[in-house]
Every structure is written in C-alpha cells, then in structure tokens.
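S.K.: Can you keep this structure in mind? I'll have questions shortly.
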Amino acid sequence: MTIQLKGSNGGEEEDRTAPGIEPGAAAAVGFRARLAGVSLWDLVQMECQARSHLVVLVTGESGIGYLYFDRGHVIHAVTAERNGEEAALEILGWTNGSFQPCERPWPEARTILTSPEALILQVAKRRDEASNLVAFPARNAPERARAATPDDDVLDEIELFELEEEGAVSMRSTEISDSPPVPPAARADFPSAEFPVMLRLGSHGAILKNSGGSEELAETVAYVRRLTELVGEFLGLDGFSAIECSFAQSRVLAFVDSNGDTVVLRPRPEANLQALRERLGL
Amino acid sequence: MTEADAYALSEGMRASLATLKDVGGITGSFVCTPNGRLAAREIPDLFEDGVLAEAGSRLVRVREAFAAGGDVLDIGVVRFRDHRIYLKAVGDSLLCILAEGAVNMPALRMAANLVGRRIAPAVTRLEAEPPPEAPTHTQAEPTQPTRMPGAAPPGMRRFRGRTID
C-alpha cells in the first residue's frame, strides 16, 4: 500500500496531517513520508496510537472510503454503500490502495464503538479462516429473482467465497491481489469445512491451487471441461459455465471462474449445496 | 435382434422420452449408448441425428473420464448460459435431457428418474447389440432392397439416423 503521510519539517507547506496532528492545527511539524508496502492495518494503528483527530481517505482496489479517527479510536467510516462499522470492516478488508488525510465534515454522532483492534481482528479472522478466493459466475438477475428466498438476501451478496488451503497466504500477502478485484460488498465467507477438495485450474489445465485434490482429478476435470464445451458447440449452446456430477458416494462440482479458470470442488457427502447450485445455475 | 425389434425398442423409448416434456422448459431428450449409438430421441428435428450422436458420445466420455478415477456417474448437470443438459445414467448408457436454464429442477430430476427406470430394459437390450456398421460408398448404392418383409411400418422411414427402405 502506498501511503502519503503529509507533514513538513518547518518548510512553507503547512501539512498538518501527520499522525497526531489535527487538521487545522497551527503547528506544522513533522515529516513528509511516502511509503510503499505498508499495510492499512498498520496505518490505522499508527493513527490510533497517535490519538489523531482526522479523516483519512482510503482508496482501495474496490473504491474509496473514509475513516474518521478521534482520540485513539475509529469513530466513523463511510464507503459508497456502507456506513459505520460495516464500512470500516469493508475498508479494512482492502489490500491495496492509498491512505491520505483529507478534509471532510465531521459526523454528528459516533457510529463505531468497537475498538480498532477488534475491528482488525474481525477482518483478520475472516481472512485467516480462508485464503483462497474463488469467484462465482454471476447468474442472470431474473432467474435469481425467481428463486429468491430470505436467505438469498445474503447469498446474493456472494460473489466469491473463501476456502482453506494448505500453505495459505496471509491476508497481507500480495498474492491475494492477484485475484481480480471483487467489490467488498459482494464478499462473504463460505464454510470451507464443507469442501475438503478444491482445485483451481488455469485455462490450459495447469493446477494453480490445490487443496486436497489429486492430479488425476485435475486431469479429469480439464478433459471434462473440454468435452462439455464441445457438446455445447455441437448443440449450439453457448457459455458453458458449470457442471455437477453425482456419483454413488460423492459429488463433484466444477465451474468456470470469472477469469477463465476452472474451479473444482468436491463437497462432503452431507453438505447442503442448494445455495451453491442456485448461484451456479445448476 | 432384427431391425424391426430395434425399431420397436426405440419407439417405445421415444414414447417414454416424450413424457419428459410434461415438465415445462424441456426442449427434448435422447439416449446415447456407450459405443456412441443414438438409441432413441425425442427432440426437435433441428438437432440432427449425427449432431446428437456426436454430442452424446462426448457426454459418454465425460462419464468414462470420471469412471477412470473410480467415480461412477449417476446424475450430471451441465450448465450453459441459457440451457442445461441433465444427464442420467441408464445402464451403461446416458439419458441426456436438454432443458432451458429456468427449468424446474426437482420436477426434472423426478421425471428423469421415472423415465430412466422405464427405458432401462430397452436400453440394456440395445446395449447388447453391436454398433451399426458405418455406411460405405458401396453400401450407399444397394442394388437389392434391404427391407425385410414387415420390418418397418409404412411411413416410418428413419431409425437411429439411418433411412430404412
């Protein structure tokens, strides 16, 4: 993350936005810094430690948001679609972007009572529980509306889910940013325990990620994907997107991710796949 | 098995396949044997026999690919943008149902199960038959009538993609 911590060392510019320096304060002391590779969490903790009273514009991979700091707390947050704690969690979930003090009207009331540490822990927990991001292909709105249930209000938000994987990268790893940006509003956790096998295959069949899967399964699904695409061509059916196969003892689902990868899932026999099926149009 | 027997089996299956259309959103269905034969069809003529056989043989290979890893396919659903193909194993053959994307899946599953059971005996008999010989150039111009007496009812000219005289 690139940050801009404005300040000055006594020059003509009166940057008063370094941690601990209130906007509008008369003093203009401190350093101007331009740092790269710093995590947003560190910056938030710095501002809290400095007991800053300021608003910070966070530009992330999925939009912009504002964090309001006051006396060691994040007291308010705003994103395009959220307010308060939800907005703070959304912002803290971003992994790339910039962090820049700015001028904004102060909120009339404090909307976040949770401590900054608890906010970060909450985001960290979500990330630690899962490390592999898998995007669902979005289905057409009419069909989704037809099948809508109260639970779908949540499920509709799922554009990707996260699965445990051996050797998982941490939240702060830059590997996560390799995934195509997905709106945080569309994120939700998916119970990884229901999918002991997960494979991600590149467009040429190479295994990009593997959790519990075998090379044989990868080869099978790579071949199956090609076959189903051929079937589509023969029958004039466009847009192969997913397949589910039920066997005597198990099931396998595979779908085409938004970047063209094939994601293969072998759920536990007792897993309820209804939500996933609806999402994949199966 | 004579051509007439095979035809009768195929027609019986076709009648069963037709009942699938009681479920709204089903375009049609066909049955493909492990050796790629189109055993029966109840699907608009838009889909020619050859096309269905080609598609069916790939779907049979999907089944074989999983079987190679020890997974014996029972049911499959392939999703395309606006359509689904529902696969139901019947013996060693595959019942393939082409449906719209918005088809009622529980109803489709139930209908496919019932039809699968109903056509299973006929499918088993057809599977035992050797695959039809590919027509050669010399066979395409027969000098003698190939129709056996009483082999095909009047007006019924096509069987599994071949014209019956």
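Every number here is computed from the coordinates shown, using simple stated rules; none is lab data. Keep in mind that what you see is a predicted model, and the values were worked out from it rather than measured. Cβ coordinates were reconstructed from backbone atoms using ideal geometry, including for glycine residues, and neighbour counts include every protein chain displayed.
S.K.: HN-Hα J couplings of the range A:84-94 from phi, Karplus 6.51/-1.76/1.60, θ = phi - 60°, integer Hz, Gly and Pro as x?
M.R.: Taking θ as phi minus 60°, the curve returns x, 5, 4, 5, 4, 5, 4, 5, 5, x, 6 Hz for the range A:84-94.
S.K.: Per-residue counts of other Cβ atoms within 10 Å, averaged by peptide: what ranking do you get for A:197-208, B:34-45, highest first?
M.R.: Working: A:197-208: 17.0, B:34-45: 18.9.
So the peptides A:197-208, B:34-45, ranked by packing, come out B:34-45, A:197-208.
S.K.: Report the local net charge at A:Cys48: Lys and Arg +1, Asp and Glu -1, summed over other residues whose C-beta lies under 10 Å from its C-beta.
M.R.: So the surrounding residues net to -1.
S.K.: If you don't mind, another one. Work out the FRET efficiency for A:Gln49 and B:Asn113 from their Cβ-Cβ distance, taking R0 = 56 Å, and round it to the nearest 0.05.
M.R.: Numbers: r = 65 Å, r/R0 = 1.15.
Step by step, r from the Cβ atoms, then E = 0.30.
S.K.: Further question: For B:Thr27, enumerate residues with amide H under 5 Å from its amide H, sequence gap 5+ or separate chain, H modeled in the peptide plane.
M.R.: Hits under the 5 Å cutoff: B:Leu98, B:Ala99, B:Glu100.
S.K.: Sticking with this structure for a sec: For a quick check: with amide H placed at 1.01 Å from N, whose amide H comes under 5 Å from A:Gly239's, ignoring anything fewer than 5 positions away on the same chain?
M.R.: B:Arg81
S.K.: Scan around A:Val197 for amide H atoms under 5 Å from its own, H built in the peptide plane at 1.01 Å from N, and keep only partners 5 or more places away or cross-chain.
M.R.: A:Arg266
S.K.: Further question on the same structure: Using alpha carbons only, how many angstrom separate the centre of the range A:94-118 from the centre of the range B:28-73?
M.R.: 58 Å
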